[in-house]
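One structure below.
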Amino acid sequence: SGRTHQAAMAIECFLAQTYPNRELIVVDDDPKSELENLIGKIGSCNIRHIKLTYKKYLLGRLRNIALDNAHGKYICQWDDDDLYDPLRLEVQWQTLISTDSQASVLARWMIWWPHLQKLAISGYRDWEGSLLCERSLMPRYPDIKRGEDTIVMEKLRKSIRIARIDMPRLYVYINHSENTFTSRHFEDQW
């Protein structure tokens, strides 16, 4: 489908991670998706493809399916249409451990608009999309279309210790025509 190329880049970023003990759960609800073939060609035992037959799930439920199928002690949000530095998992995990925290997030990240030839560093905030958290403390995502990770982040802020990392290069949010939020949402973050 149209997002297979983007997902392939996110998978490549996952495979390049320096943190060794990791798994990627790919939840695929697109009947025309070519991800199964792509993942089969890669042949990595660290990637599990979960093909859904029902396409109308909202993003919150899709994230919960990934959580339900994860085996690790930690959960890291990994979106299919963004780019990640090879050190992302290692830096976030090391920060979490060294600060005796239960989660880590990026305080800033990169925002890239390829079609406008713009690249920027975001403003300061807890970027939900960068969340790495102890699995046992991870709340369920609400079954909504967008903003589900913001609600989870708000719950976590009230209940656990979160380490904030100011290293924007670890995550590149790509603004394209099919993002959950519109470009206007990210214009304010410059």
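Quick one: would you say R63 is open to solvent by less than 70 Å² (accessible area, probe 1.4 Å), in a loop (DSSP other than H, G, I, E, B) and basic (K, R)? So R63 does not fit the description; no. If you go through region 2-33 and keep only what is in contact with a Gly (Cβ under 8 Å, 6 or more places away or on another chain) and of a type in the set (D, E, K, R), you end up with R22, E23. Across region 131-150, which residue is farthest from G72 (Cα to Cα) among those that are aliphatic (A, V, I, L, M) and surrounded by 16 or more Cβ atoms within 10 Å (Cβ to Cβ)? Restricting to residues being aliphatic (A, V, I, L, M) and surrounded by 16 or more Cβ atoms within 10 Å (Cβ to Cβ), the top hit is L131. A count restricted to region 152-161 and to residues that are of a type in the set (A, V, I, L, M) and either open to solvent by 60 Å² or more (accessible area, probe 1.4 Å) or touching a helix residue (DSSP H, G or I) at 6+ places or on another chain (Cβ under 7 Å) (or both) stands at 1. Just for region 76-108: of the residues that are of a type in the set (V, I, T) and surrounded by fewer than 21 Cβ atoms within 10 Å (Cβ to Cβ), which one is nearest to the chain's Cα centre (by Cα)? The extreme case among them is V91.
Contact annotation: residue pairs with Cβ atoms under 8 Å, 6 or more positions apart or on different chains, pairing a residue in region 116-135 that is under 27 Å from K155 (Cβ atoms) with a partner that is open to solvent by 40 Å² or more (accessible area, probe 1.4 Å) and of a type in the set (D, E), are G123/D188; Y124/D166.
The values are calculated or read from the model by the stated rules, or taken from the named source; none is laboratory data. None of the values given here were measured: they were computed from a predicted structure. Neighbour counts run over all protein chains shown; Cβ positions are idealised from the backbone, glycine included. For the accessible areas, the whole protein counts, side chains as well, though only heavy atoms, and no ligand, DNA or RNA atoms are used. Shrake-Rupley method; radii C 1.70, N 1.55, O 1.52, S 1.80 Å.
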